[in-house]
Amino acid sequence: MNTTTLNGIIQVIHYLFFGYAFLAISSYIILSIISAFETIEYFKKNSFINYKKILSSNAAPSISIIAPAYNESLNIVENVRSLLSNHYVNYDVIIVNDGSKDNSLEKLIEAYDLVNVDYLINQQISTQPLRKGVFKSTNPAFEKLIVVDKENGGKADALNMGLNISNSKYVACIDVDCLLLEDALQKMVKPFLEATEKKVVATGGVIRIANSSIIKDGKLMDVNLPTKLIEKAQILEYLRSFLLGRMAWSRLNGLLVISGAFGMFDKKIAIEVGGYDTSTVGEDMEIIVRVRRYLEEKKVNYKVAYIPDPLCWTEAPDNYKIFISQRNRWTRGTIEVLRKHRKIAFNPNYRNLGLLSYPYWLIFERFAPVIEVIGIIYFGILIALNEVKWDYALAFFILAYLFTILLSLGAIFSEELTYHQYKKKKTGLKLIIISLLEPFVLHPFILYAAVRGNLDYFFNKKKKWGEMTRKGLGNINK
């Protein structure tokens, strides 16, 4: 190959990488601007609403909180107490003990005076069978609690059992080890009730990281910044994702995912589409895409809503091994969902879903780590061939680094102006410092986990969730 041809190939590759980077940066800027306007509009609309007074009668729509549990004996009693402490009136809590091998069920029976009862289950979705049956409390204080003990089938199967058990109009699916704020149901159900032209079929809210925060009797008493760098970096990542990303997609009616930690659904629609898919590790994303695809094909005018309120606090991985396992699973789940619903891709029959949401996830979420790795390998080849123009390369890296910091600062600024959950002195300054370090202490591991996820999906055919050992919110700060 002569020098002219080689230079031509290099030039074409440079233009391709530049084009991709330009489109990615442009999309992030546009989404951030849309998110800012959407958040401001939400605040104007909801700032003066007293959620403790509205929806406080038995005429309020019924909601079932469905929480799968597997080997959660360490904190199951406190976690259930938190779920039972909601200010909403017309709700129940369905704990699905998914074949736990520990004494989770025995602890619940003792703490909440549970007895085995005959319960008519409307088996609309196929699930693993019951093990010890359905339990309710003899104590009137816990009349809203239903505990189901079934054979192990995984999180999606447990959620499907909850859908079968529920007699409510709406279902709020939550991780049992998450902390739900007392007014969460009021805020999450509000978009369903406000809907006029478009039918709201699902809502999601901001998820926050509770590591190192003080929790007592199932209530968040004090929000603290975690001590470990990896935990702090994830707080920043969550702020960017929820405040600068999902708010914009809500405005565009293009959401493809609601966090599995806490999301609310119209139960009728969830059952119509067959409930959660038990064959994927990305069941939270898959059900949203399937619901949207189903409604697009039926030509229903619908919306998947999202609100910026921090309604649910969860535990984030506090070491790199668990973090990589979690992100590996997220990558595999994304691949599975996009492949399963590839008919949607660039298909005008699916409107925004096919022409905007799916292409964005495919190009800038699914392929981003692959393209980044290819770019790193390509840069190494250029170094070996002595073809690197170091002034341009250095300028590119500096601009990419500064843009990442700018996005993080925008998320911190948005948090400070809105919900300001991190009120301790100098916390804002600490987050700014973390924004300078995060590209080095978190992103390389995200990239590594994404590569491992691709390899596991295509070559190992890995279907397992992966390790996600938790300490429990009540024990995080100990």
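The values are calculated or read from the model by the stated rules, or taken from the named source; none is laboratory data. Only a predicted model underlies this, so the values are computations on that prediction, with no experimental measurement involved. Don't worry about glycine lacking a Cβ; one is built from the backbone with ideal geometry, like all the others, and counts go over all protein chains shown. Side chains are part of the model used for accessible areas, which takes the heavy atoms of the whole protein and leaves out ligands, DNA and RNA. Shrake-Rupley method; radii C 1.70, N 1.55, O 1.52, S 1.80 Å.
Key figures
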{"item": "Residue pairs meeting the criteria (Cβ under 9 Å; at least 6 apart or on separate chains; first more than 15 Å from residue 382 (Cα to Cα) and free of Cβ contacts under 8 Å to residues at least 24 places away in the same chain, in region 1-12; second of a type in the set (A, V, I, L, M) and surrounded by 10 or more Cβ atoms within 10 Å (Cβ to Cβ))", "result": "1/9"}
{"item": "Only one of 287, 269, 230 that is part of a helix (DSSP H, G or I) and without any contact (Cβ under 8 Å) to a residue 40 or more places away in the chain", "result": "287"}
{"item": "Any hit, region 239-257, residues being surrounded by fewer than 24 Cβ atoms within 10 Å (Cβ to Cβ), farther than 26 Å from residue 406 by Cβ and not β-branched (Val, Ile, Thr)", "result": "yes"}
{"item": "Conditions (1) open to solvent by 60 Å² or more (accessible area, probe 1.4 Å); (2) under 30 Å from the mean Cα position of the chain (by Cα); (3) over 23 Å from residue 81 (Cα atoms): number failed by residue 120", "result": "(2)"}
{"item": "Check on residue 107, free of Cβ contacts under 8 Å to residues at least 40 places away in the same chain, open to solvent by 10 Å² or more (accessible area, probe 1.4 Å) and not in a helix (DSSP H, G or I)", "result": "no"}
{"item": "Pair list, Cβ < 8 Å and 6+ apart or interchain, from region 374-395 residues that are free of Cβ contacts under 8 Å to residues at least 60 places away in the same chain to residues that are surrounded by fewer than 11 Cβ atoms within 10 Å (Cβ to Cβ)", "result": "none"}
{"item": "Qualifying position, being at negative phi and without any contact (Cβ under 8 Å) to a residue 12 or more places away in the chain, among 182, 197, 151, 143", "result": "143"}
{"item": "Enumerated strands (runs of 3 or more DSSP E) restricted to region 141-221, each holding at least 3 residues that are open to solvent by 10 Å² or more (accessible area, probe 1.4 Å)", "result": "214-216"}
{"item": "Candidates 275, 260 - the one that is touching a Lys or Arg at 6+ places or on another chain (Cβ under 8 Å), within 30 Å of residue 165 (Cα to Cα) and not in a helix (DSSP H, G or I)", "result": "260"}
{"item": "Set 298, 267, 321: member being open to solvent by 10 Å² or more (accessible area, probe 1.4 Å) and touching a strand residue (DSSP E or B) at 6+ places or on another chain (Cβ under 6 Å)", "result": "267"}
{"item": "Residues located in region 178-224, provided they are touching a Pro at 6+ places or on another chain (Cβ under 9 Å), over 16 Å from residue 301 (Cα atoms) and β-branched (Val, Ile, Thr)", "result": "189, 206, 207, 209"}
{"item": "Filter pass, residue 204 being at pLDDT 85 or above and closer than 19 Å to residue 91 by Cβ", "result": "yes"}
{"item": "Residue in region 67-83 that is assigned to a loop (DSSP other than H, G, I, E, B), closer than 25 Å to residue 311 by Cα and acidic (Asp, Glu) present", "result": "yes"}
{"item": "Residue that is farthest from the chain's Cα centre (by Cα), among those in region 27-44 that are open to solvent by 50 Å² or more (accessible area, probe 1.4 Å) and charged (D, E, K, R)", "result": "44"}
{"item": "Residue ID - nearest to residue 442 (Cα to Cα), chosen from residues in region 324-359 that are open to solvent by less than 10 Å² (accessible area, probe 1.4 Å) and among the β-branched types (Val, Ile, Thr)", "result": "335"}
{"item": "Sole residue being of a type in the set (S, T, N, Q), modelled with pLDDT of 90 or more and either closer than 30 Å to residue 332 by Cβ or open to solvent by less than 30 Å² (accessible area, probe 1.4 Å) (or both), chosen from 469, 404", "result": "404"}
{"item": "Where a residue in region 439-458 is among the charged types (D, E, K, R) and its partner, wherever it lies, is surrounded by 16 or more Cβ atoms within 10 Å (Cβ to Cβ), with Cβ under 6 Å and at least six apart", "result": "452/328; 456/462"}
